[in-house]
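Structure record follows, encoded as structure tokens.
The values are calculated or read from the model by the stated rules, or taken from the named source; none is laboratory data. What you are looking at is a predicted structure, and each value in this text was computed from that prediction instead of being measured. Note that each Cβ is placed from the backbone with ideal geometry, even for glycine, and that neighbours are counted across all protein chains shown. Note: areas computed on protein heavy atoms with side chains; ligands, DNA, RNA excluded. Shrake-Rupley method; radii C 1.70, N 1.55, O 1.52, S 1.80 Å.
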2 protein chains.
Amino acid sequence: MQAKKKKQMSDAQVEEAARLFAILSEPSRLILLRSLMERSMTVSELIEATGMKQGNVSKHLGVLLEARFVAREKEGNFARYAIADSNLFALCELMCGRIEQEAHKRLQELTSRPG
Amino acid sequence: MQAKKKKQMSDAQVEEAARLFAILSEPSRLILLRSLMERSMTVSELIEATGMKQGNVSKHLGVLLEARFVAREKEGNFARYAIADSNLFALCELMCGRIEQEAHKRLQELTSRPG
DNA sequence: CTTGCATATTACTATTTAGTAGTATAGTTA
DNA sequence: TAACTATACTACTAAATAGTAATATGCAAG
């Protein structure tokens, strides 16, 4: 009796999922997350690591923080950010896998098709 | 000795992942995908199922098709669309799981905190 | 208190895009 | 051929937002 229920998403879940996907749809934010996936970093370190402007880094971190993808911890004058949602790793791995699969598929189509 | 290599995404992968996340960041498109996850459907059926306008449905399907999230098959005058990327199921399940986890966390914080 | 630094916020511009109405294309039937 | 239908495309408007510079906030040292 442990059949997996494949229930449809509710409209509210759709809205929320769209909101979360939108947050992950910005290269700048993915780049920040990519750095944080290595280790937690202060804003200054992220500026250094990414080459982005301070205001931009801070703004994007605010978005990620509000969605709880990252967490913030004050250290004196500094603010240290860290990944706060382990689902991010799975999401990124899935997406990367799909990108590679797709690249492979397209290559196959080109080489195996008669035209 | 089977350590999982956690390699960083390349800049190109980040760009592509952002593009794909963006495609999934539109509620209208998620709603179309939700319908198609039940069964394949023609454009007319999708209009009926979602209440969206024809032009809008067609446009969003075009975006999903270009990204290969769905596939199209002509049937006489009709065009039948179907999910073409099984990663979508995993992605949606992950996202829905995260939404529920987060809701649960927030609830716990409210009830267990002294303030 | 004043100075200096790290971070956050604000105001602005420019770009993107969702939704829509109208039009075009293509298959089907007579 | 013409008429009908399903779908795709085009042009447009309105809304959202990324990046930036400038300013504000808050902590820390002297």
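Worth a mention:
- Meets criteria (closer than 19 Å to B:Ser25 by Cα and either more than 16 Å from DNA strand D (Cβ to nearest atom) or open to solvent by 40 Å² or more (accessible area, probe 1.4 Å) (or both)) for A:Ala90: yes
- The helices (runs of 4 or more DSSP H) found entirely in region B:25-106 that carry 1 or more residues being closer than 24 Å to A:Arg98 by Cα and not acidic (Asp, Glu) are B:27-38, B:54-66.
- Qualifying residue in region B:39-47 (condition: in contact with an Asp or Glu (Cβ under 6 Å, 6 or more places away or on another chain) and either within 9 Å of another protein chain (Cβ to nearest Cβ) or open to solvent by 40 Å² or more (accessible area, probe 1.4 Å) (or both)): no
- Of the residues in region A:18-29, at least one is open to solvent by 50 Å² or more (accessible area, probe 1.4 Å) and under 15 Å from the mean Cα position of the chain (by Cα).
- Residue match in region A:48-61 (condition: of a type in the set (Ser, Thr, Tyr) and surrounded by 13 or more Cβ atoms within 10 Å (Cβ to Cβ)): yes
- Within region A:85-102, the set of residues being acidic (Asp, Glu) and more than 15 Å from the chain's Cα centre (by Cα) comprises A:Glu100, A:Glu102.
- Some residue of region B:63-72 being over 19 Å from A:Arg19 (Cβ atoms), within 9 Å of DNA strand D (Cβ to nearest atom) and surrounded by 11 or more Cβ atoms within 10 Å (Cβ to Cβ): yes
- Filter result for the condition that a residue is of a type in the set (S, T, N, Q), within 11 Å of DNA strand D (Cβ to nearest atom), free of Cβ contacts under 8 Å to residues at least 40 places away in the same chain and more than 13 Å from every other protein chain (Cβ to nearest Cβ), over B:Ser25, B:Ser58, B:Ser112: B:Ser58
- Candidates A:Lys74, A:Lys105, A:Lys53: the one that is over 12 Å from the mean Cα position of the chain (by Cα) and within 13 Å of chain B (Cβ to nearest Cβ) is A:Lys105.
- Residue that is nearest to A:Arg106 (Cα to Cα) [pool: residues in region B:52-88 that are within 13 Å of DNA strand C (Cβ to nearest atom) and among the polar types (S, T, N, Q)]: B:Ser58
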